[in-house]
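Participant: One structure, pasted below without further comment.
The values are calculated or read from the model by the stated rules, or taken from the named source; none is laboratory data. On a predicted model such as this, the values are computed, not experimentally measured, just so you know. Cβ atoms come from the backbone with ideal geometry, glycine included; neighbour counts cover every protein chain shown.
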Amino acid sequence: MNLLTKLRTFRSIRPLAERELPDVARSVAIIMDGNGRWARNRRLPVVAGHRAGTRALRRTVEASIDLGVESLCVYAFSTENWSRPSDEVEALMGLFVETIERELPDLARQGVRTRFIGRRDRAAPELSAKMAKLEAETAENERLQLWIAFDYGGRAEIVAAARRLVEEGAEPRDVDENAIAARLYAPEMPEPDLLIRTSGEQRISNFLLWQLAYTELVFVETLWPDFGERELRRALAEYASRRRRFGGR
């Protein structure tokens, strides 16, 4: 290998300098928190806050497209949310159906591919069927990948992956990070560069426990129904100001 070839090889494998790191988080996750407080502040029923939250989701997806985000994962309904009052859960299930029928098709026409991650066995047959139909109809879209975490829990996801390994008869020596990652709900989903949580709370609430290992976290005071392009821009700017080291220096 001559000197020129060695130099070219070195340039191709050296770590990126800080100024060369991408300014935009290509993969973003959001914990959409604050719908209930938004409604209570306006003396409205809780479902009104959730409905306003669906409009915020649409705004945020469209803003993500404009700002160069390629993958967006949102926390819509957790495994723990089943413990909420039955009338609120029932209203949420109806709102999910409404959102799939009214909001997401227009996003699909803008090139958004929608997929759902989490359990589906506890969803009503109508809702489960609409999820599958939307996934099939948007399978060829490439402008933005939208992942909606429904009946999702990070611990449950890891347990399910471990159970699959046991059921497949995996040998202990074959169990590593790659083996577990390949058995998560959506192995093809990119690990988030940035996690945003709205409403001022500062915890991840059992969301994407495996995938968030090296994700940058940004907590904003804005309640989710008021979230939009301005708040997303600010969170992305905060991300761009940081230096990600992934355990190195």
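Participant: Does the range 27-42 include one or more residues that are touching a Leu at 6+ places or on another chain (Cβ under 6 Å) and either under 16 Å from residue 147 (Cα atoms) or of a type in the set (Val, Ile, Thr) (or both)?
Facilitator: Scanning the range 27-42 turns up at least one residue that is touching a Leu at 6+ places or on another chain (Cβ under 6 Å) and either under 16 Å from residue 147 (Cα atoms) or of a type in the set (Val, Ile, Thr) (or both).
Participant: Pick from 221, 188: which is free of Cβ contacts under 8 Å to residues at least 24 places away in the same chain, closer than 23 Å to residue 25 by Cβ, within 15 Å of the chain's Cα centre (by Cα) and assigned to a loop (DSSP other than H, G, I, E, B)?
Facilitator: Unique residue meeting the criteria: 188.
Participant: Kindly provide the set of residues from the range 46-73 that are closer than 12 Å to residue 35 by Cβ and over 16 Å from the mean Cα position of the chain (by Cα), ordered by number.
Facilitator: Those that are closer than 12 Å to residue 35 by Cβ and over 16 Å from the mean Cα position of the chain (by Cα): 46, 47, 48, 49, 50, 51, 52, 55.
Participant: If I ask for residues that are crowded, with 17+ Cβ neighbours inside 10 Å and either touching a Ser or Thr at 6+ places or on another chain (Cβ under 7 Å) or not small (Gly, Ala, Ser) (or both), which ones from the range 48-57 would you list?
Facilitator: 50, 51, 54, 57
Participant: Can you tell me which residue in the range 109-147 is surrounded by the fewest Cβ atoms within 10 Å (Cβ to Cβ), limited to those that are touching a residue at least 12 places away in the same chain (Cβ under 8 Å) and among the small types (Gly, Ala, Ser)?
Facilitator: Top of the filtered list is 139.
Participant: Out of (1) touching a residue at least 12 places away in the same chain (Cβ under 8 Å); (2) closer than 24 Å to residue 81 by Cβ, the odd one out for residue 233 is which?
Facilitator: Against the list (1) touching a residue at least 12 places away in the same chain (Cβ under 8 Å); (2) closer than 24 Å to residue 81 by Cβ, residue 233 comes up short only on (2).
Participant: Related question: Among the residues of the range 25-37 satisfying the criterion of being of a type outside the set (Lys, Arg) and in a helix (DSSP H, G or I), which is surrounded by the most Cβ atoms within 10 Å (Cβ to Cβ)?
Facilitator: Checking each candidate, the answer is 35.
Participant: Tell me yes or no: at least one residue of the range 38-47 is surrounded by fewer than 19 Cβ atoms within 10 Å (Cβ to Cβ) and among the small types (Gly, Ala, Ser).
Facilitator: The answer is no, given that none of the residues of the range 38-47 is surrounded by fewer than 19 Cβ atoms within 10 Å (Cβ to Cβ) and among the small types (Gly, Ala, Ser).
Participant: Okay, moving on. Could you go through the range 74-83 and let me know if any residue there is at pLDDT 95 or above, within 15 Å of the chain's Cα centre (by Cα), assigned to a helix (DSSP H, G or I) and under 11 Å from residue 146 (Cβ atoms).
Facilitator: no
Participant: Here's something else I'd like to know. Name the residues in the range 191-200 that are in a loop (DSSP other than H, G, I, E, B) and surrounded by 15 or more Cβ atoms within 10 Å (Cβ to Cβ), would you?
Facilitator: 191, 192, 193, 198, 199
Participant: Go through the residues of the range 77-89 one by one and say whether even a single one is under 19 Å from residue 224 (Cβ atoms), in contact with a strand residue (DSSP E or B) (Cβ under 8 Å, 6 or more places away or on another chain) and aliphatic (A, V, I, L, M).
Facilitator: Within the range 77-89, not a single residue is under 19 Å from residue 224 (Cβ atoms), in contact with a strand residue (DSSP E or B) (Cβ under 8 Å, 6 or more places away or on another chain) and aliphatic (A, V, I, L, M).
Participant: Suppose we filter the range 172-190 for residues that are surrounded by fewer than 12 Cβ atoms within 10 Å (Cβ to Cβ) and closer than 20 Å to residue 69 by Cβ; how many remain?
Facilitator: 1
Participant: Can you tell me which residues in the range 91-135 are of a type in the set (Gly, Ala, Ser) and either under 18 Å from the mean Cα position of the chain (by Cα) or in a helix (DSSP H, G or I) (or both)?
Facilitator: 91, 94, 108, 111, 118, 128, 129, 132
Participant: Any idea which of 162, 139 is modelled with pLDDT of 95 or more, farther than 30 Å from residue 40 by Cα and assigned to a loop (DSSP other than H, G, I, E, B)?
Facilitator: Numbers: 162 fails: assigned to a loop (DSSP other than H, G, I, E, B).
Selected residue: 139, the only one of 162, 139 that is modelled with pLDDT of 95 or more, farther than 30 Å from residue 40 by Cα and assigned to a loop (DSSP other than H, G, I, E, B).
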